[in-house]
Amino acid sequence: MAQEKELEGRVAVITGAGSGIGKAAALRLAREGAKVVAVSRSDDEIKQTVAEIEQAGGEAIAVAADISKEPDMKALYEQVEKSYGRLDIVFANAGINGVWAPLDEIELDEWQKTIDINLTGTFLTVKHALRLLKQAGKGSIIVTASVNGTRIFTNTGATAYSSTKAAQVAFTQMIALELAKHKIRVNVVCPGAIETNIEENTEHRDLERVKEPAEFPEGKIPLTDGKPGTSEQVADLVLFLASDRASHITGTPIWIDGAESLLLG
């Protein structure tokens, strides 16, 4: 008799599912039986994610949406309800690095774009999921923050990005307490250096003018002698937090960085 998969019958919304950590999580949760709703602004990327899930025998749908736009997020959960009639897991993962520059050079629209996507996008992703999660009687929300703004503050110029990441931790802890009576758990993962393409969306500008010199021991990631982690390792953590194995864990930040942030912070 085949062993039942850990997330059999559950429905998971994953934002930023077109690449990196979000895609790895979508594939991992689908392998454990979850029906995945893959969300991204890039329609082509999430269609590829869905195709890979289906080729592996899983079930998924693609929904193109901008997490910073409330009409998009309302439409997303309408589609979830129409397609599956329930929701169990939300992985609020989508985000950008944005512009990293001296504070007096960051333009308001650059600051605002990072806030809109990383923080307001997380708020909208979670807010509009609540009706379906409450109907299910329990659920798991997982937010992707970062070591930046939570343990590491030496990446000069990443002010907007780090502010959103710190705020995501506070957001997670606030709503974990609020939603506990509904049996909805809320946790936040804080990755360090992970092999993804998020750096392609980062603009570095004039940082040499303001960056403080710092000397670190050889090897920036002690556990792996400098080698970055993988999206799949973060996906394994997301699976654990989404599963019943984490049934007594809520309001908790978890750093997944090979001790990088302990060294560099």
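The values are calculated or read from the model by the stated rules, or taken from the named source; none is laboratory data. Not measured: the values here are computed from a predicted model. Using ideal geometry, Cβ is built from the backbone for each residue, glycine included, and neighbour counts are taken over all protein chains shown. SASA here: full protein model, heavy atoms, side chains in, ligands and nucleic acids out. Shrake-Rupley method; radii C 1.70, N 1.55, O 1.52, S 1.80 Å.
Test of understanding: among Ala30, Ala64, Ala34, Ala17, which residue is of a type in the set (A, V, I, L, M, F, W, C), within 26 Å of Cys190 (Cα to Cα) and under 16 Å from the mean Cα position of the chain (by Cα)?
Going through Ala30, Ala64, Ala34, Ala17 in turn, the sole match is Ala17.
Out of Ala17, Ala2, Ala56, Ala60, I need the residue that is at pLDDT below 95 and either among the small types (Gly, Ala, Ser) or open to solvent by less than 30 Å² (accessible area, probe 1.4 Å) (or both). Which one?
On the way: Ala17 fails: at pLDDT below 95; Ala56 fails: at pLDDT below 95; Ala60 fails: at pLDDT below 95.
When all the criteria are applied, what remains is Ala2.
Quick one: is Ile106 of a type outside the set (Lys, Arg), under 23 Å from Ile256 (Cα atoms) and open to solvent by less than 40 Å² (accessible area, probe 1.4 Å)? Show your work before the answer.
On the way: of a type outside the set (Lys, Arg): yes; under 23 Å from Ile256 (Cα atoms): no; open to solvent by less than 40 Å² (accessible area, probe 1.4 Å): yes.
Spelling it out, it is not the case that Ile106 is of a type outside the set (Lys, Arg), under 23 Å from Ile256 (Cα atoms) and open to solvent by less than 40 Å² (accessible area, probe 1.4 Å).
Quick test for you: out of Ser261, Ser247, Ser231, pick the one residue that is of a type in the set (Ser, Thr, Tyr) and in contact with a helix residue (DSSP H, G or I) (Cβ under 7 Å, 6 or more places away or on another chain).
Ser231
Where in the range 146-265 are there helices (runs of 4 or more DSSP H), lying wholly inside it, with at least 1 residues that are at pLDDT below 95 and farther than 26 Å from Glu6 by Cα?
The qualifying helices (runs of 4 or more DSSP H) are 260-264.
Return the residue satisfying two criteria in turn: it lies in the range 31-52 and is farther than 18 Å from Ala94 by Cβ and part of a helix (DSSP H, G or I), and of such residues it is most open to solvent (accessible area, probe 1.4 Å).
Only one residue fits best here, namely Arg31.
Pull up the range 129-145, narrow it to residues that are of a type in the set (D, E, K, R) and assigned to a helix (DSSP H, G or I), then point me to the one that is most open to solvent (accessible area, probe 1.4 Å). Can you show your working first?
Keep residues of the range 129-145 that are of a type in the set (D, E, K, R), which gives 131, 134, 138.
Imposing the further condition that a residue be assigned to a helix (DSSP H, G or I) reduces the set to 131, 134.
Values: Arg131: 121, Lys134: 92 Å².
Among them, the one singled out is Arg131.
Kindly provide the set of residues from the range 117-128 that are within 15 Å of the chain's Cα centre (by Cα) and open to solvent by less than 60 Å² (accessible area, probe 1.4 Å), ordered by number.
Selection gives Ile117, Asn118, Leu119, Thr120, Gly121, Thr122, Leu124, Thr125, Val126.
Step by step: first the residues of the range 144-183, then only those that are basic (Lys, Arg) and more than 16 Å from the chain's Cα centre (by Cα), then the one that is nearest to Glu107 (Cα to Cα). Which residue is that?
Ranking the candidates gives Arg151 first.
Taking the condition over 23 Å from Ser247 (Cβ atoms) and either part of a helix (DSSP H, G or I) or within 15 Å of the chain's Cα centre (by Cα) (or both), does Glu110 pass?
yes
Table: residues versus (1) basic (Lys, Arg); (2) touching a strand residue (DSSP E or B) at 6+ places or on another chain (Cβ under 7 Å); (3) modelled with pLDDT of 95 or more.
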position: Val39; (1), (2), (3): no, yes, yes
position: Ile67; (1), (2), (3): no, yes, yes
position: Gly85; (1), (2), (3): no, no, yes
position: Asp88; (1), (2), (3): no, yes, yes
position: Pro102; (1), (2), (3): no, no, no
position: Ile115; (1), (2), (3): no, no, yes
position: Arg131; (1), (2), (3): yes, no, yes
